[in-house]
Amino acid sequence: MTKKHRNGEIWEFEREMSGGAEGGGVGDVILGIDGGTTSTICVCVPFLPPQSLQFPDPIPLLARVEAGCSNHNSVGETAARETLEQVMAEALSKSCSNRSAVRAVCLSLSGVNHPTDQQRILNWLRDIFPSHVKLYVRNDALAALASGTMGRLRGCVLIAGTGTIAYGFTDDGREARAAGAGPILGDWGSGYGISAQALTAIIRAHDGRGPQTKLTNSILHTLGLSSADELIGWTYADPTWARIAALVPVVVSCAEAGDEVANNILQHSVKELALSVTAVVQRLRLCGSAY
């Protein structure tokens, strides 16, 4: 995607559209955004009135746009908002629509961990869209669960990507979460957590504080570095979560090749993910009171 600035060229397409501010040629639409630490996806679909007797299957997809990270805890609030606004504008442009035709916007975002996070984003969206547009902002775990339960919010979902979170819901509206607090607070089991442990293992082996590991040669080769000393500069030059997490396939390859250090990292990560799910299930009694 081409970078554009808010209040500049990003919404310029609306002026160029035939019909101007009266909406595009596809009728009313809904925007759905799945915003993560690695990528952000926005889809534009037609608005289907609730009284519709039968929804088309599949629902027509008018546009799909993908960009980078929109987790404000990873890249900062300004960059996250810029990414979100980019994908929404481009999705509307590709579907030959504009903001006046939008009936609802639903954002499921990693990094939305508190009502204050929701409110900040809602206030920002209200400045962008007309007052008639319904706005929804939730953690991305909600969308992940709903996608696997046909919209029913009951059960527990585990997300293990660049970051990780376990989130659960009950029929009576209770909810609970575990992990998902970011790498500083111990997002173990995530892609970032796995890669960070691998980088630490390399430095420990280099210092003589830890065992030698295939991770050293494999990761240095992947990054085009010649020594473990150079790894320090590489890490802190750009410590964004997705950049670090991209090393996970190297860790997996080393574990498959029999490296004990890499294997221990993965085993520890699996245990942490299982602990997250268990914590949510127990708090919500999703397996019954005897669980």
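Restricting segment 68-114 to residues that are open to solvent by less than 30 Å² (accessible area, probe 1.4 Å), among the β-branched types (Val, Ile, Thr) and touching a residue at least 40 places away in the same chain (Cβ under 8 Å), the residue that is farthest from ALA246 (Cα to Cα) is VAL102.
For segment 160-178, the candidate set comprises residues that are open to solvent by 40 Å² or more (accessible area, probe 1.4 Å) and assigned to a strand (DSSP E or B); within that set, the residue that is farthest from VAL248 (Cα to Cα) is GLU175.
For segment 65-98, enumerate the residues that are over 30 Å from PRO183 (Cα atoms) and either touching a strand residue (DSSP E or B) at 6+ places or on another chain (Cβ under 7 Å) or acidic (Asp, Glu) (or both). The answer is GLU90, ALA91, LEU92, LYS94, SER95, SER97. Residues that are in contact (Cβ under 8 Å) with a residue 24 or more places away in the chain and open to solvent by 40 Å² or more (accessible area, probe 1.4 Å) within segment 42-67 comprise VAL43, PHE47, LEU62, ARG64, GLU66, listed in sequence order.
In segment 183-204, which residue that is touching a residue at least 24 places away in the same chain (Cβ under 8 Å) and more than 22 Å from the chain's Cα centre (by Cα) is nearest to THR235 (Cα to Cα)? Selected residue: LEU199.
Condition check for ASN217 on (1) closer than 22 Å to VAL270 by Cα; (2) modelled with pLDDT of 95 or more: one failure, at (1). Pairs meeting the criteria (first residue in segment 123-146 and within 14 Å of MET88 (Cα to Cα) and outside any strand (DSSP E or B), second residue of a type in the set (Val, Ile, Thr) and modelled with pLDDT of 90 or more, beta carbons under 7 Å, at least 6 apart or on different chains) are LEU125/VAL105; PHE129/VAL102; PHE129/VAL105; VAL133/VAL102; VAL133/VAL105.
The values are calculated or read from the model by the stated rules, or taken from the named source; none is laboratory data. Predicted model only: the values in this text are computed from it and were never measured. Reconstructed Cβ throughout: ideal geometry from the backbone, glycine too, with neighbour counts over all protein chains shown. Side chains included, ligands, DNA and RNA excluded: accessible areas come from the protein's heavy atoms. Shrake-Rupley method; radii C 1.70, N 1.55, O 1.52, S 1.80 Å.
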